[in-house]
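Here is the structure we will look at.
The values are calculated or read from the model by the stated rules, or taken from the named source; none is laboratory data. Here the structure is a predicted model, which is why all the values come from computation and not from measurement. We place every Cβ from the backbone using ideal geometry, glycine too, and count neighbours over all the protein chains shown. Remember, those area values only see protein heavy atoms, side chains included, never the ligands or the DNA or RNA. Shrake-Rupley method; radii C 1.70, N 1.55, O 1.52, S 1.80 Å.
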Amino acid sequence: MKDQNQEKFYISCALGFEEGLAQEILQVWPLLIEINGQANQAPLPEVSLEMGGVYLKAPFEMGLQLNYFLKTAHRILWRVTEFKVRDFPKLFEKIQKISWANYLNGTKIEWVVAANKSRLNNEKRIKETCAEAFAKISAKIHGTSQVTQAVYVRISDDLCTISLDTSGENLHKRGWGALRGEAPLRETLAAFLIREMVEGASPAKTQQVTVVDPMCGSGTLILEAASLWQPVFDREFSFLEWKNTPKIFKSPLLKKNYKLLQKSAPFKSYLGYDIEEKALAAARENQKTLESKTEIENLKIRFEIENLFNGEKKKLGPVWCVANPPYGERLRVEGQETFSYQDLLERIADKFSPERIGILLPNKSSVKKLKAPLTHKKRKEISFSNGGLEVVYLIYAKK
């Protein structure tokens, strides 16, 4: 096994989320534990931003644990080795020399290859070479795992990096939220939206607030708000199948070692509204799964059928509204006229009198002309790409 003091990890995320991910890593760092179960004594890690992710230098066991805590990351790769390579025989030789038997507990491998600005740029042949080299020494790997491990091979400027995927399935899969509505919002994006709204507010403040999603669908925003600071233990991670994984992470009593975890919900309560009963049924089932897999105390979540554009004003105390409405020039509500995004924004402000409004919209000319409700002012505007669609996240605060 390699020196545990300074391992290298690459943590990927959506483009534009890199700075937020770096901040999240530093925020969760004190919650991690040593391999003896004691509180983390390691200094803050060395983090550097790259396009689409961050590089991290940290003890081996700390990098692995980040899988439990990070909510805006896609996956975490552990750097096994790196070397210069300019021809295929050299690549074949280097792959064979890696101490695979020290890491892997099985021989099922998926090679994920990318190459640019290098003499070796035929990705198909790179993949074939790696697979052939590994097959030659696979008999030396003694293990029973049937889990396919992803090995990432990156060659850039003739520098080849070999990394093992520690995560397995994308980290947006929390273990709850399996039932999805139409055009679902990814959990990583939902967590990002909530984190941006929370910025600048103390825990004492947020615990007085009711979070409302007036168009909740299958409840992703509500559930991410409820579980924002909760680790994800009840799902599989690739690193749990490795030979060199610290035993503490394979223990059924793992959760009991995290004595510093905040078990109370980050907000006072949560309300999700939608006009589709089918979507609400999915949201309620997702809620049940969340509640069964976490230890959040006094979790108050309700999903109710309601049309944002109908009904009386709500009196819910301090409210923050967050919404991911359907993308289109105008919103069509069954049996009624259409509404613009300006109408939507005004209606949210009028119906809920929220202290903060966060709304994700397509970055179109009509959206750029939006005016803040008379009772609010724009606090933040964040533009990024969501699955290839340019969007903008607008946050408004009450005057």
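General observations
- Exposure rank, largest accessible area first [Lys136, Lys90; 1.4 Å]: Lys136, Lys90
- Taking other residues whose beta carbon is less than 9 angstrom from the beta carbon of Asp158, and scoring Lys, Arg as +1 and Asp, Glu as -1, yields +3.
- Residue separation of Lys256 and Ala131 scaled by 0.36 nm, minus their Cα-Cα distance, works out to 40.9 nm of gained length.
- Within the listed set Asn257, Asn363, Asn310, the residue fluctuating most in the Gaussian network model of the chain (springs between alpha-carbon atoms under 10 angstrom) is Asn310.
- Within-9-Å neighbourhood charge of Thr210 [Cβ basis; K, R +1; D, E -1]: +2
- Extents of segment 156-313, largest first, come to 61, 39, 31 Å (Cα atoms, principal axes, whole angstrom).
- Whole-number accessible area per residue in Å² for the chain, which is evaluated in the context of all protein chains at 1.4 Å: 47
- For segment 260-302, averaging the sequence separation of C-alpha pairs within contact (under 8 Å, six or more residues apart) and dividing by the residue count gives a relative contact order of 68 percent.
- Remark: relative contact order (the chain) = 14 percent; criterion is Cα-Cα distance under 8 angstrom and separation of 6 or more residues.
- GNM flexibility winner over the chain from Ile194, Ile76, Ile11 (Cα, springs under 10 Å): Ile194
- Segment Glu306-Ser156, length gained on full extension (0.36 nm per residue, minus Cα span): 48.7 nm
- Estimated distance in nm for a label pair at Lys288 and Lys57, the labels positioned 7 Å out from Cα along Cα-to-Cβ: 5.0
- In this rough spin-label picture, where each label sits 7 Å from Cα along the Cβ direction, the Glu34-Lys369 distance is 6.3 nm.
- Thr338/Asn116 FRET efficiency (R0 56 Å; Cβ-Cβ; nearest 0.05): 0.75
- Taking every alpha-carbon pair under 8 Å whose residues sit at least 6 apart, segment 1-109 reaches a relative contact order of 36 percent.
- Descending semi-axes in Å of the chain, equivalent ellipsoid built from Cα gyration tensor: 43, 24, 19
- GNM on the chain, alpha-carbon springs under 10 angstrom: the most fluctuating residue among Lys369, Lys378, Lys250 is Lys369.
- Degrees separating the helix 187-198 axis from the principal Cα axis of the chain, which is the longest one: 60
- Helix 60-69 axis versus longest C-alpha principal axis of the chain: approximately 30°, rounded to the nearest ten.
- In a fully extended conformation the segment linking Glu277 and Ala101 would gain 58.1 nm over its present Cα-Cα distance, using 0.36 nm per residue.
- Spin-label pair Gln208/Leu316, simplified geometry with 7 Å Cα→Cβ offset, distance in nm: 1.8
- Here is the tail figure for segment 74-206: Cα pairs spaced more than 21 Å apart come to 54 percent of all pairs.
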